[in-house]
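**Student:** My questions will all concern the structure given below.
Nothing in this text is a laboratory measurement; each read-out follows from the coordinates by a stated rule. Note that the coordinates shown come from a computational prediction; the quantities given were computed from them, not determined experimentally. Every residue, glycine among them, receives a Cβ derived from its backbone with ideal geometry; neighbour counts consider all protein chains shown.
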Amino acid sequence: MKYNQLGRTDIKVSEICLGTMTWGRQNNEAEGHEQIAYALDQGINFMDTAEMYAVPPIPESYGKTEEIIGTYFKNTGNRDKWILASKVAGPGNRWVRGGGPITGDAIRQAIEGSLRRLQTDYVDLYQLHWPNRGHYHFEKSWTFDPTVQDRETVVPNMLEVLETLGELVAEGKIRHVGLSNESAWGTMQYLKLAEEHDLPRIVSIQNEYNFLRRYYDMDLAELAHHEDVGLLAYSPLAAGAISGKYLGGVLPKGTRGELAGSAYRNNELTEPAIRAYIELAKSHDLDVCQMAIAFCLTKPFMTSVIIGATNMDQLKTDIDAANLTLGDDVLDDIQSIFKRFPRTL
């Protein structure tokens with residue numbers, strides 16, 4: 001297992017991060033604990049969660065994933081072996097603080113709840129799960145909408161958020177701060193405010209990155225290079241769609257697609273791309289899921305790729321992708337497919 005620097009901190013995280021969001025809906029406590037133990041044995045030292053998990057989010061599953069991690073720490077005493085990341089939820093879910101925005105008070109409520117469920121005194125990386133303002137993630141918008149960008153309140157709110165995070169760092173409840181589902185402009189504003197007011201510097205961005213979603217290549221990659229704010233790539237398999245299990249509109253029993261009522265990334269526009277990547281993997285005698293994860297690991301802006309699984313066979317396959325080196329011919333073929341399908345819904 002390789003390890004990368006987390007921003008400009010002294011922390012090194014494994015290039016594969018253990019994702020946890022299925023624990024509490026698709027996986028039970030025992031299965032979550034088994035995954036943690038196996039990942040640790042494979043050299044993984046980085047685990048990511050969120051107060052909102054399990055996913056797909058419903059009121060009954062709120063906080064369940066953190067609770068499962070917490071009982072693992074209590075049972076094993078292995079908290080010191082993990083770099084632990086969690087997130088405060090953004091606005092929109094009524095069962096999370098009434099669906100309100102991220103504010104200083106909201107952050108304080110969220111971190112206290114997370115620490116209690118996780119049965120720990122601190123979180124190594126605390127992230128803003130999604131912005132208060134409008135954004136293009138989760139298919140919120142396919143064009144810039146200035147009506148959800150209140151210029152009078154956006155930056156003051158960012159400053160309030162950073163000031164509260166700074167207080168929590170001083171109190172020892174969090175070590176470092178990161179963003180998620182953020183844009184280049186938003187990231188630079190946080191960096192600017194941190195520098196101007198001597199507040200915690202953003203160390204990472206957790207955005208989606210996969211064969212179907214390569215927005216990071218276009219602008220955030222340059223930011224990552226110059227500002228040392230690396231990517232924590234979530235959904236490297238496009239919510240499982242890259243495996244092909246949802247092709248033709250199929251929703252296999254027990255999958256995230258079945259729980260959500262639709263396959264998040266599989267539709268009439270993405271299927272041609274997915275089929276092309278599956279055929280490419282077959283032509284090179286590769287597992288398409290391993291090929292997708294290994295591709296993410298080739299990117300110079302990548303700090304860690306977050307993998308998640310609902311069974312141990314999936315977990316082992318995904319982790320083993322760290323041992324796969326893609327040849328130039330495979331990378332060239334991937335780029336050729338991307339040129340044919342550069343942006344898919």
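**Student:** To the nearest 20 debye, what charge dipole does the chain have about its Cα centre, counting +1 at the Cβ of each Lys and Arg and -1 at the Cβ of each Asp and Glu?
**Tutor:** On the way: 34 positive and 47 negative charges, 124 e Å.
Charge dipole, the chain, about its Cα centre: 600 debye, nearest 20.
**Student:** Let me ask you something else. Given q = 0.21 Å⁻¹, what are the Debye log10 I(q)/I(0) values for the stretch 266-345, with equal point scatterers placed on the Cα positions and solvent ignored?
**Tutor:** Log-scaled intensity ratios, in q order: -1.09.
**Student:** Scan around Gly230 for amide H atoms under 5 Å from its own, H built in the peptide plane at 1.01 Å from N, and keep only partners 5 or more places away or cross-chain.
**Tutor:** For Gly230, the qualifying residues are Gly7, Ile205.
**Student:** Out of the DSSP beta bridges found with both residues in the stretch 3-206, what percent are antiparallel (nearest 5)? Intermediate values should be presented prior to the final figure.
**Tutor:** Numbers: 3 of 21 bridges.
That works out to approximately 15 percent antiparallel.
**Student:** On to the next question. Taking the dipole about the Cα centre of the stretch 3-206, with the C-beta of Lys and Arg at +1 and of Asp and Glu at -1, give me whichever of Gly63, Leu115, Leu199 is farthest to the positive side.
**Tutor:** Towards the positive end, the residue furthest out is Gly63.
**Student:** Here is a follow-up. Whose amide H sits under 5 Å from the amide H of Asp219, counting only residues 5 or more places off or on another chain, with H placed in the peptide plane?
**Tutor:** So Asp219 has HN proximity to no qualifying residue.
**Student:** After finding the eigenvalues of the alpha carbon gyration tensor for the chain, what semi-axes result from the square roots of 5 times each, listed largest first in whole Å? Write down the numbers at each step before the final one.
**Tutor:** Numbers: eigenvalues 174, 111, 82 Å².
Ellipsoid semi-axes (Å, largest first): 30, 24, 20.
**Student:** Please report, in Å, the Rg and the Dmax of the stretch 1-118, where both are computed over Cα atoms only.
**Tutor:** For the stretch 1-118, the Cα radius of gyration and maximum Cα-Cα distance read 14.6, 41 Å.
**Student:** Still on this structure, please answer the following. Determine ³J(HN,Hα), in whole Hz, for all residues of the stretch 3-15 in sequence, where each value follows from phi through the Karplus function 6.51 cos²θ - 1.76 cosθ + 1.60 and θ = phi - 60°; x replaces Gly and Pro.
**Tutor:** 10, 10, 5, 8, x, 9, 8, 9, 8, 10, 10, 5, 5
**Student:** Would you kindly derive the ³J(HN,Hα) couplings of the stretch 261-272 from the backbone phi angles with the Karplus curve 6.51 cos²θ - 1.76 cosθ + 1.60 (θ = phi - 60°), listing them in order in whole Hz, with x for Gly and Pro?
**Tutor:** x, 6, 7, 3, 10, 9, 7, 5, 8, 8, 4, x
**Student:** Can I ask one more? Across every pair of different alpha-carbon atoms, what Kirkwood hydrodynamic radius in Å does the stretch 3-206 reach?
**Tutor:** Computed over the stretch 3-206, the radius equals 17.4 Å.
**Student:** Let me ask something else about it. Could you tell me what percent of the DSSP beta bridges with both partners in the chain are antiparallel, to the nearest 5? Write out the running numbers ahead of the final one.
**Tutor:** On the way: 4 of 31 bridges.
Rounded to the nearest five, the antiparallel share is 15 percent.
**Student:** Which of Lys81, Lys64 comes first, and how do the rest follow, when ranked by fewest Cβ neighbours within 10 Å?
**Tutor:** Details: Lys81 13, Lys64 19.
Starting with the residue having the fewest Cβ neighbours, the order is Lys81, Lys64.
**Student:** Could you check what % of the DSSP bridge pairs in the stretch 117-275 are antiparallel, to the nearest 5?
**Tutor:** Details: 1 of 12 bridges.
Taking every DSSP beta bridge with both residues in the stretch 117-275, the antiparallel ones total about 10 percent.
**Student:** Compare the peptides 176-185, 241-250 by average per-residue count of other Cβ atoms within 10 angstrom and give them in order, highest first. If you can, show how the numbers build up before the last one.
**Tutor:** On the way: 176-185: 21.8, 241-250: 17.9.
By packing density, highest mean first, the sequence is 176-185, 241-250.
**Student:** Give me, ordered by chain and number, the residues 5 or more places off Asn45 or on other chains with an amide H under 5 Å from its own placed amide H.
**Tutor:** Amide H neighbours of Asn45, under 5 Å, 5+ apart: Ser14.
**Student:** In addition: Quick one: Debye curve from the C-alpha atoms of the stretch 208-345, no solvent, what's log10 I(q)/I(0) at q = 0.17 Å⁻¹?
**Tutor:** -0.94
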